[in-house]
Amino acid sequence: MSLDADRVEDDEVVARFLFDRDDFVPTTGRVKPKPFLPSPEDDATSVFRTGGLSETDTWALASPRGMRIAKARGTLQGGQIRWAGLDVVPMVPPPRHAAIVNWPAKDARLSLAQRLAELAKLVLRPETQPAERAP
Amino acid sequence: MTPVLLETNERLSIDPGVSVEAAQLTRQFEDATAYSLSESIARPRANAISDLLQAYAKASNPDWDGEGANAMSPVAVQYAAAFLSALPTNLPMPDISADPDGDAYLEWDRGRHEVMTVTISADGSLHYACLSGGSRFHGAEIFKDRVPRLILEGIARVAGRRQG
């Protein structure tokens, strides 16, 4: 699958990798709002375009981000992000990287993060699931 | 940052290796919460302040999230402690952490469609957003000893509507 270098399509899936156990709820399959808030460095939320990738290759996208291991990912379609009032644009490098942009003032961005969390689907990293169930 | 080892007690504790600022904050909160409230009322608030200090310990350095987050400000922590102390005792305490801007991040989460979020900045500003069923509202205010009415309404609305 080839990706458009200039645009994330409305039906294209992007993933927000989740590194903190407090950012998602495995029992109800939910992503919390906070991980969607943008970084103050560039006022953008880092995501990766996962279309056409295997699960193994999808999780590998998260590995270059330091030594941390993603515990899960929240997935959205480009059209859902635009429907919420934001935009998602390719932003390479690294390969397949994109960014959720056009964030408004802070109180409105809190509301939009809630909206993205409502729409997002949670995907747990397979090897973390047994550990999640351990007493 | 100078590592310090704090005394711990039953109500509040923080990991060793935190900053002098965190140690001072801990002592202030100990003093502030050690009297006047009955144990049943004081316990959730003390636990929330303990959570706040843990959040500060985790986010007191820049880039604590690996994505360029600002360090959490000790002044924001103090405002957040005052905010928690001003919450009516009939409302639940929030989950507490830092957000990427370095603000205190307070969240009442009762499900996918029931979330109240409040952030507290080092300048005392409060930003909030409420999602409850099909309705939403958001806004900003300055914290002046009392929790603003709309924030109280949002917390009460979310707390009263539990779901999966």
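If I ask for residues that are in contact with a strand residue (DSSP E or B) (Cβ under 8 Å, 6 or more places away or on another chain) and either in contact (Cβ under 8 Å) with a residue 60 or more places away in the chain or closer than 16 Å to A:Leu122 by Cα (or both), which ones from the stretch A:60-86 would you list?
Let us first name the residues in the stretch A:60-86 that are in contact with a strand residue (DSSP E or B) (Cβ under 8 Å, 6 or more places away or on another chain), namely A:61-62, A:65, A:70-78, A:81-82, A:86.
Once the filter is applied, which keeps residues that are in contact with a strand residue (DSSP E or B) (Cβ under 8 Å, 6 or more places away or on another chain) and either in contact (Cβ under 8 Å) with a residue 60 or more places away in the chain or closer than 16 Å to A:Leu122 by Cα (or both), the stretch A:60-86 yields A:Ala62, A:Ala70, A:Lys71, A:Ala72, A:Arg73, A:Gly74, A:Thr75, A:Leu76, A:Gln77, A:Gly78, A:Ile81, A:Arg82.
Each row is one residue, and each column tells you yes or no for (1) within 9 Å of chain B (Cβ to nearest Cβ); (2) within 14 Å of the chain's Cα centre (by Cα); (3) aliphatic (A, V, I, L, M).
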position: A:Arg16; (1), (2), (3): no, yes, no
position: A:Arg21; (1), (2), (3): no, no, no
position: A:Ala70; (1), (2), (3): no, yes, yes
position: A:Ile100; (1), (2), (3): no, yes, yes
position: A:Ser111; (1), (2), (3): yes, no, no
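Please list, ordered by first then second residue, the pairs with beta carbon atoms under 7 Å, 6 or more apart or interchain, first in the stretch A:31-42 and within 15 Å of A:Lys121 (Cβ to Cβ) and modelled with pLDDT of 95 or more, second part of a loop (DSSP other than H, G, I, E, B) and among the aliphatic types (A, V, I, L, M).
As it stands, the answer is A:Val31/A:Ala120, since those pairs meet every condition given.
State all residues of the stretch A:1-18 that are open to solvent by 20 Å² or more (accessible area, probe 1.4 Å) and either in contact with an Asp or Glu (Cβ under 8 Å, 6 or more places away or on another chain) or not in a loop (DSSP other than H, G, I, E, B) (or both); if no residue qualifies, say none.
Here is the first cut: in the stretch A:1-18, the residues open to solvent by 20 Å² or more (accessible area, probe 1.4 Å) are A:1-7, A:9-11, A:13, A:16.
Within the stretch A:1-18, A:Leu3, A:Val13, A:Arg16 meet the criteria.
Among the residues of the stretch B:106-119, is any at pLDDT 95 or above and more than 14 Å from chain A (Cβ to nearest Cβ)?
Looking through the stretch B:106-119, none of the residues is at pLDDT 95 or above and more than 14 Å from chain A (Cβ to nearest Cβ).
With B:Ala122, B:Ala81 as the choices, which residue is away from chain A (no Cβ under 11 Å), modelled with pLDDT of 95 or more and open to solvent by 30 Å² or more (accessible area, probe 1.4 Å)?
One residue alone meets the criteria, B:Ala122.
The values are calculated or read from the model by the stated rules, or taken from the named source; none is laboratory data. The shown structure was predicted, so the numbers you read here are calculated from the model rather than taken from an experiment. Neighbour counts are summed over all protein chains in view; Cβ atoms, including those assigned to glycine, are modelled from backbone coordinates with ideal geometry. The area values use the complete protein model at the heavy-atom level, side chains included, leaving out ligands, DNA and RNA. Shrake-Rupley method; radii C 1.70, N 1.55, O 1.52, S 1.80 Å.
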